[in-house]
1. Filter Lys41/Lys118; Lys41/Lys172; Lys82/Lys118; Lys60/Lys168; Lys60/Lys82; Lys68/Lys172 down to the pairs with a C-alpha to C-alpha distance above 23 Å, please.
2. With each run of n ≥ 4 DSSP H residues scored as -39500 (n - 2.57), what mean residue ellipticity at 222 nm is computed for the chain after dividing by its residue count and rounding to the nearest 500 deg cm²/dmol?
3. Which whole number in µm²/s is D for the chain by Stokes-Einstein, with the Kirkwood Rh taken over Cα pairs at 10 °C and 1.306 mPa s?
4. Output wanted: per-residue J couplings in Hz (rounded whole) for the stretch 113-130, from phi through Karplus 6.51 cos²θ - 1.76 cosθ + 1.60, θ = phi - 60°, x for Gly and Pro.
5. Looking at the stretch 1-92, which chymotrypsin sites (Phe, Trp or Tyr not before Pro) are in a loop (DSSP not H, G, I, E or B) and have at most 14 other Cβ atoms within 10 Å?
6. Could you put Asp56, Asp32 in order, starting from the residue whose Cβ has the fewest other Cβ atoms within 10 Å?
7. What ³J(HN,Hα) values, in whole Hz, does the Karplus curve 6.51 cos²θ - 1.76 cosθ + 1.60 give for the stretch 39-47 when θ = phi - 60°, with x put for Gly and Pro?
8. With θ set to phi - 60°, apply the Karplus curve 6.51 cos²θ - 1.76 cosθ + 1.60 along the stretch 17-24 and write out the HN-Hα couplings as whole Hz, x wherever there is a Gly or Pro.
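Every read-out reported here was derived from the displayed coordinates using simple, explicitly stated rules and does not represent laboratory data. Computed from a predicted model, the values in this text were never measured in an experiment. Here Cβ is always computed from backbone atoms with ideal geometry, including for glycine, and neighbour counts include all displayed protein chains.
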Amino acid sequence: MRARYVVDTNVLIAASAADPVHPKDIDATPSDPRLRQEVWKWLHLFEQSESRLVLDLAGKIYEEYNNKLGFNDFGIQVVMHKWSTAAVDDVPVEYDSHGDGVLIPTLDPVIHDAADKKMVAAALASQVKFGEGCIAFAGDTDWHDWEQALGEHQVLLEPIIEAWSRQKHAEKQLR
């Protein structure tokens, strides 16, 4: 595991759906229970690790987490654990009038998903502040579209179920 991660919301959702103690009956991607279990295992390892969670000072990332999950869901409990163990790094993220994260001009037209702009902005801020910015993701294949551009700005991606996400991305490209 890396030292710190911005964790995309889809990781928390898929892991919560696969939680062996309190599984959540929610719409999560991927739908395959075995793949969801892989995401749960990654998030469980992250929870137990010394890795830090990167969030924005304005609380918009956590707000998104809470829009998708409830307090007792595994994903939210991992966030709470990181807070309770002082393993959260808050970084400054600027927001526009629509509530979207403001990106540098070279990345703004590339990142077409407005909800993901705050994640990218947090990873960029983490890169500046700590020398490392990594986004962990699971069910959203758009990250592969942006991989090269993000890499040019030292933003790393960690696809948790990489074989699946690359296959789904390739299928999407053929449509």
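1. Checking Cα-Cα distances, Lys41/Lys118; Lys41/Lys172; Lys60/Lys168; Lys68/Lys172 exceed 23 Å.
2. The helix contribution divided over the chain gives -15500 deg cm²/dmol.
3. 98 µm²/s
4. My calculation for the stretch 113-130 gives 8, 4, 5, 7, 4, 5, 5, 5, 4, 5, 5, 5, 5, 5, 4, 5, 6, 10 Hz in order.
5. Sparse-neighbourhood loop chymotrypsin sites (Phe, Trp or Tyr not before Pro): Phe71.
6. Asp32, Asp56
7. 5, 4, 4, 4, 5, 5, 4, 4, 4
8. 3J(HN,Hα) across the stretch 17-24, in whole Hz: 5, 9, 3, x, 8, 9, x, 9.
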